[in-house]
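> Here's a structure for you.
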Amino acid sequence: MTETLPTVRQAQQPGDAKPGLRIAMIGHGFMGAAHSQGWRVAPRFFDLPLHPEMAVLVGRTGADASAAAWGWGEAATDWREVIARDDIDVIDIVTPGDTHAEIAVAALAAGKHVLCEKPLANTVAEAEAMDAAATDAAARGVRSMVGFTYRRVPATTFARDLVAQGRIGEIRQVRAEYLQDWLTDAESPLTWRLDKELAGSGALGDIGAHAIDLTEYITGQKVTTVSGIIETLVAERPVLGEGSGLSGTAGTTRGPVTVDDLALFTGRLESGALASFEATRFRTGRKNALRIEISGSKGAIAFDLERLNELEFYDATLPETQLGFQRILVTEHDHPYLAPWWPTGHMLGYEHGFSHQVVDFVTAIADGTQPRPSFADGLHVQRVLDAVERSSNAGSAWTPTGS
């Protein structure tokens, strides 16, 4: 069963009075900038039932500058103090994965709605604790959601709708891959994303999680078993100078890479259909290619994030003289999320998905419904990631996801 897309309202008019929803964002790196864009822009283009207020940005260092640049009302350094505040309604977590569980569980216990970046946690145990906290909080009307933002690209939502309508028939095969090349230089320095203690895993969890979630979202089916292999292609990298941060100069000291660089695995969906997955940060020439192709008995659908305003659709029921992939430009106002944006043919970008994420999350909070993907969905993806790693350790043995 697929969830119903929330009704997209027209843009709020100046002077409209809406109840406020005060947001505190914990973390302020790359995802902090993206989430800030979403919170800032969504209420200016969509008529939200509640008005998000960018109240506090929390970070150990540099929070003042980020808060000023991105439009937050104030900055803070202690997330525990912010969670304890009575004037905060939502906690948005964009920190490295090793902190997700502690922050989310504390926020939910304090009665705050929680939006948490993917993957949900670094381990299955952490994700289970978060899901349990979310279930308990939901009984008190507190909502939680995982930030698998690529669900909010209009073309992927439209693909989901076409599959749900039966336009490609019975799903027979899926190929999903997320390809990047930012680590191909063996002299690129160590970052937190290459440290298993902080990141949980490498390409598998960082970008492979998106391929898994998008496959399950569009097909409406979960991955039940996997067989795969993960590989670390560069075992050591230069360590950045002390206190230099990600923009510092790498020195002569080298440190170990403790996560995977490449993950290849096969999965079986609930219907029995097979899916192949690849997640790599070593595919030379590919910058941010999240690609998925779904083949069915009546047709096929293909999507590439590097052409995010397009969807390829193949209708196998047409006469032979009309067969071929059709390029659909997903910019019409009747396409998902697009009514408040630009005239037909005027493209959206990467950042728009974060505005759509805010729309869905805020609407669910106002309606008292469970937003998707839920922490239970995030836990399932975490179990798939764990099964891939266990399969690799066992010589690519078929391994159940336990979901």
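> Toward the positive end of the charge dipole of the range 6-150, about the Cα centre and with charges on Cβ (Lys, Arg +1; Asp, Glu -1), which of W79, A65, Q37 goes farthest?
Selected residue: Q37.
> Let me spell out the model: positive unit charges on the Cβ of Lys and Arg, negative unit charges on the Cβ of Asp and Glu, origin at the Cα centre of the chain. What dipole size does that give, in debye rounded to 20? Show your work: numbers first, answer last.
Details: 35 positive and 52 negative charges, 95 e Å.
Its charge dipole is roughly 460 debye.
> Tell me the relative contact order for the range 6-150 as a rounded percent, counting alpha carbon contacts under 8 Å between residues six or more apart.
Working: 256 pairs, mean separation 30.0, N = 145.
The normalised contact order for the range 6-150 reaches 21 percent.
> Could you give the longest part of the chain that holds none of the trypsin sites (Lys or Arg not before Pro) found in DSSP loops with at most 11 neighbouring Cβ atoms within 10 Å? Kindly include the intermediate steps, with their values, before the conclusion.
Working: sites that count: R60, R140, K287.
By the stated rule (loop sites, at most 11 other Cβ atoms within 10 Å), 141-286.
> Still on this structure, I have one more. Can you return the lysines within cross-link range of K222? Criterion is Cα-Cα under 28 Å, with same-chain partners fewer than 8 residues away left out.
Within the straight-line cut-off, K222 pairs with K118, K196, K287, K298.
> Could you tell me which of T344, A397, I365 has its Cα farthest along the dipole of the range 270-403 towards the positive end, charges placed at Cβ (Lys, Arg +1; Asp, Glu -1), taken about the Cα centre?
Selected residue: A397.
> Take the chain, mark every one of the chymotrypsin sites (Phe, Trp or Tyr not before Pro) that falls in a DSSP loop and has at most 16 other Cβ within 10 Å, then report the longest stretch left between them, sites excluded. Mind showing how you got there, number by number?
Working: sites that count: W182, F325, Y350, W398.
Longest gap between qualifying sites, sites excluded: 1-181.
> Ok, one more. Assuming R0 = 41 Å, what is the FRET efficiency of A125 and R327, from their Cβ-Cβ distance, to the nearest 0.05? Mind dumping the intermediate values first?
Working: r = 45 Å, r/R0 = 1.09.
Computed FRET efficiency for A125 and R327 comes out at 0.35.
> When the scattering of the chain is computed by the Debye formula from its Cα atoms alone, each counted once and equally, what is log10 I(q)/I(0) at q = 0.06, 0.15 Å⁻¹?
Cα-only, vacuum Debye calculation for the chain: -0.24, -1.52.
> Suppose only helical runs count, i.e. DSSP H with n ≥ 4. What mean residue ellipticity at 222 nm does that imply for the chain under -39500 (n - 2.57) per run, divided by all residues and rounded to the nearest 500 deg cm²/dmol? Before the final figure, lay out each step's value.
Numbers: 10 runs with 115 residues, N = 403.
Calculated at 222 nm, the ellipticity per residue is -9000 deg cm²/dmol.
> With an 8 Å cut-off on Cα pairs and a minimum separation of 6 or more residues, tell me the relative contact order of the chain in percent. Mind showing how you got there, number by number?
On the way: 910 pairs, mean separation 80.9, N = 403.
Here the relative contact order equals 20 percent.
Coordinate-derived values only; no laboratory data. All values derive from a computational prediction rather than experimental measurement. Don't worry about glycine lacking a Cβ; one is built from the backbone with ideal geometry, like all the others, and counts go over all protein chains shown.
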